[in-house]
Amino acid sequence: MHVKKGDKVKVLSGNERGKSGKILKVFTGSQRAIVEGLNMIKRHTRPSQRNQQGGIIEREAPIHISNLRMICPGCGKATGMSRTRDAEGRLRRICKACGETIGS
């Protein structure tokens, strides 16, 4: 997976094309991610213990990760990234545009 929880991403295709947001959750099995404030759906719910009122709830729906591109914190561009191992053997993500290491 090229994206992680907390990454800032830009949407490449679909109804939300061109918009950006922060990843809230990643589903590795289905290769989808939930992006904050994007791909909103309306869910009709009946009253329950958790939701006493019921009604229509708006929430984010998952987006396939192939439609997402990470935004580099260094250069601010939505670019691809490569992964390499450092001297300690840890996997590092590197921005292809500016060459800066992304994340910790």
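Throughout, read-outs are computed from the coordinates displayed, never taken from laboratory work. Fair warning: this is a prediction, and the values are worked out from it, not measured in the lab. A quick note on method: Cβ atoms are made from the backbone with ideal geometry, for glycine too, and the neighbour counts reach across all protein chains shown.
Near PHE27, the amide H atoms lying under 5 Å from its own belong to ARG32, ALA33, ILE34; only residues 5 or more places off or on other chains count, and H is placed 1.01 Å from N.
Along the stretch 82-94 the Karplus relation, 6.51 cos²θ - 1.76 cosθ + 1.60 evaluated at θ = phi - 60°, assigns HN-Hα couplings of 10, 10, 9, 9, 8, 4, 7, x, 7, 7, 10, 9, 10 Hz to successive residues, with x for each Gly and Pro.
Computed about the Cα centre, the dipole magnitude for the chain is approximately 140 debye when only Lys and Arg (+1) and Asp and Glu (-1) carry charge, each at its Cβ.
Principal axis analysis of the Cα atoms in the chain yields extents of 55, 30, 22 Å, listed in decreasing size. Projecting the Cα atoms of LEU12, GLY54, LEU91 onto the charge dipole of the chain, computed from C-beta unit charges around the Cα centre, puts GLY54 farthest toward the positive end. Dividing the mean sequence gap of close Cα pairs (under 8 Å, 6+ apart) by how many residues the chain holds gives a relative contact order of 20 percent. Database remark: amide H of LEU68 closer than 5 angstrom to the amide H of LEU12 (H placed geometrically; neighbours at sequence offset of 5 or more, or on other chains; Pro and chain starts carry no H).
Taking every C-alpha pair closer than 8 Å and separated by at least 6 residues, the mean separation divided by the residue count of the stretch 1-40 gives a relative contact order of 35 percent. Would you pull out the residues with amide H under 5 Å of ILE102's amide H, same chain only if 5 or more places away, H placed 1.01 Å from N? It is ARG93, ILE94, CYS95, by chain and number.
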